[in-house]
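Notes to accompany the following structure.
Just so it is clear, none of the values below were taken in a lab; they were calculated from the coordinates. This structure is a prediction, so every number in the text was calculated from the model and none was measured. Here Cβ is always computed from backbone atoms with ideal geometry, including for glycine, and neighbour counts include all displayed protein chains.
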C-alpha cells in the first residue's frame with residue numbers, strides 16, 4: 001500500500017473516531033478477561049483445587065441402560081465424576097473417551113465412580129447404540145429435566161460434576177474439561193480421604 005492509498009483519518013472527524021476506538025481498548029480487554037474467567041474458571045478451579053464446594057449432591061436412584069439400579073447406598077464414600085452428555089454433542093464425543101479412561105483406571109479400586117447421564121430424548125436404543133459403538137463401559141443412564149434440575153440445571157453439554165467422598169459437589173465444568181484436569185481433581189479428592 002502506498003502513502004497515497006492510506007486513508008487520511010484527520011478528515012471528517014477521523015482522528016476523533018480513532019481516539020474513541022483507542023479509548024474503548026481497555027474495556028474490550030477487560031471484557032475478554034471476564035469472558036475467559038467465566039468460561040475457563042471452573043476448569044482452572046478443578047485443576048488447582050481452589051474454590052469452595054458447590055453444596056450437597058442430590059441422592060439419586062438411577063436405572064442404567066443395562067437395567068441395573070444404582071442408588072446412593074451403592075456409591076457412598078467414593079469420588080464421583082458425573083457427566084451430562086448427549087449423542088448429538090460433538091464436544092461430548094471428545095470428552096467421553098477421557099471419562100472411559102478414568103473409569104478404567106479406577107474401576108477396580110472401587111474408589112471412583114464415573115457415570116454418564118444422557119439427556120437424549122431419542123430413546124434408549126439411540127444411546128445404547130452409541131455407547132456400544134464407542135466401547136464405553138462406565139455406567140450410563142438416560143435422565144430427564146427433573147434430574148438435571150436436582151443438580152441446579154444443566155446449562156450445556158457436556159456438564160461434568162466432580163463430587164467428593166462426603167457427597168459435596170466440588171467442581172462443575174460446562175464444556176470440554178481436559179482429561180488432565182479431571183484426573184488431577186479426582187486424585188486430589190482421593191488424597192483428601194487418606
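With Rh defined as the Kirkwood radius, the inverse of the mean 1/r over Cα pairs, the Rg/Rh of the range 95-148 is 1.00.
Estimated from the Cβ-Cβ distance and a Förster radius of 35 angstrom, the FRET efficiency linking residue 184 and residue 24 is about 0.35.
For the peptides 115-124, 154-163, 60-69, the ranking by packing is 154-163, 115-124, 60-69, with the highest mean count of neighbouring Cβ atoms within 10 Å listed first. The stretch between residue 74 and residue 176, if pulled fully straight at 0.36 nm per residue, gains 33.9 nm over its current Cα-Cα span.
Working note: Cα gyration tensor of the range 40-194, eigenvalues times five, square-rooted, sorted largest first, giving semi-axes of 22, 17, 16 Å. Distance between the modelled labels on residue 150 and residue 16, one decimal in nanometres: 6.2 nm (7 Å Cα→Cβ projection).
Once the Cβ-Cβ distance between residue 128 and residue 32 is put in as r, and R0 is 30 Å, what FRET efficiency do you end up with, to the nearest 0.05? Display every interim value, and only then the final one.
Numbers: r = 42 Å, r/R0 = 1.41.
E(calc), rounded to 0.05, equals 0.10.
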